[in-house]
Amino acid sequence: MIKCIDVEFGSSRYKELLDLRYKILLQPLGLKFLDSYREEEANFLHIGCIDNSTGELIGGLILAPIDDEEIRVMQVAVDVVHQGEGIGKKLIEYAESVAKKIGYSRIVMHAMLSVVGFYEKLGFSQDSDLFEEKGVNFIRMVKEL
Ligand SMILES: CC(C)(COP(=O)(O)OP(=O)(O)OC[C@H]1O[C@@H](n2cnc3c(N)ncnc32)[C@H](O)[C@@H]1OP(=O)(O)O)[C@@H](O)C(=O)NCCC(=O)NCCS
């Protein structure tokens, strides 16, 4: 069984989340965390996915408020050995329920080209042309809650 949980900024689970994000999202691109960016993360919501049988953190994401209506999903990562098991889907659905509960009406995100299909399956629509950030191609995607 797996479950999604809210992760407190600065907690030991948060540190596990940083390690996972580094391994899945940054290391493959040869990137490092920026300290200034991590301070900003105190203002964001952090969500993790736990494997109940081992207690291990196997996925996570960030929700970053943009304005009163819009919240942005960022840094979605699922451990390599658990990709394709429905965990990314569970994480996004959980993030949607959290965002809705606290009053947001729209979720946005910048999806790497390779995962646009994943978000489309979850009801997101493409909302921009292709754009480049740090050498990676993204498309802005949006879903009304
Ligand atoms: C992209 C990612 C978050 C998806 O999570 P996941 O747990 O592997 O995906 P799920 O098993 O929940 O997949 C849900 C559905 O989306 C599909 N899907 C998964 N990845 C996909 C992709 N890259 N493109 C198209 N469809 C995809 C699955 O086949 C599944 O379809 P189904 O419901 O018809 O069976 C995960 O693979 C990951 O962390 N990848 C590396 C990091 C990354 O690219 N993050 C996104 C940054 S924008």
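Here V136 passes the criteria (1) among the β-branched types (V, I, T); (2) closer than 25 Å to L26 by Cβ; (3) at pLDDT 95 or above except the one numbered (3).
Out of all the residues in the stretch 10-22, which are assigned to a helix (DSSP H, G or I) and either over 13 Å from D79 (Cα atoms) or in contact (Cβ under 8 Å) with a residue 24 or more places away in the chain (or both)? Spell out how you get there, then give the answer.
Taking the stretch 10-22 first, the residues assigned to a helix (DSSP H, G or I) are 12-22.
Across the stretch 10-22, the qualifying residues are S12, R13, Y14, K15, E16, L17, L20, R21.
Each row is one residue, and each column tells you yes or no for (1) crowded, with 18+ Cβ neighbours inside 10 Å; (2) closer than 24 Å to E144 by Cβ.
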position	(1), (2)
A77	yes, no
Q83	no, no
L91	yes, yes
Y94	yes, yes
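Have a look at D67, D51, D35 and point out the one that is among the acidic types (D, E), under 25 Å from E133 (Cα atoms) and at pLDDT 95 or above. Only one candidate passes the filter, namely D67.
Tally time: how many residues in the stretch 7-54 are of a type in the set (G, A, S) and under 24 Å from A111 (Cβ atoms)? Steps first, answer last, please.
Just the residues of the stretch 7-54 that are of a type in the set (G, A, S), to begin with: 10-12, 30, 36, 42, 48, 53.
Applying the additional criterion that residues be under 24 Å from A111 (Cβ atoms) yields 30, 48.
The number of residues fulfilling the criteria is 2.
Pairs are defined by a Cβ separation below 8 Å, a sequence spacing of at least 6 or placement on different chains, a first member in the stretch 94-120 that is over 17 Å from L61 (Cα atoms) and within 12 Å of the ligand (Cβ to nearest atom), and a second member that is in a strand (DSSP E or B) and modelled with pLDDT under 95; the pairs so defined are L113/N137.
The values are calculated or read from the model by the stated rules, or taken from the named source; none is laboratory data. Since we're looking at a predicted model, the values are computed, not measured. As a convention, Cβ positions derive from the backbone with ideal geometry for all residues, glycine included, and neighbour counts pool all protein chains shown.
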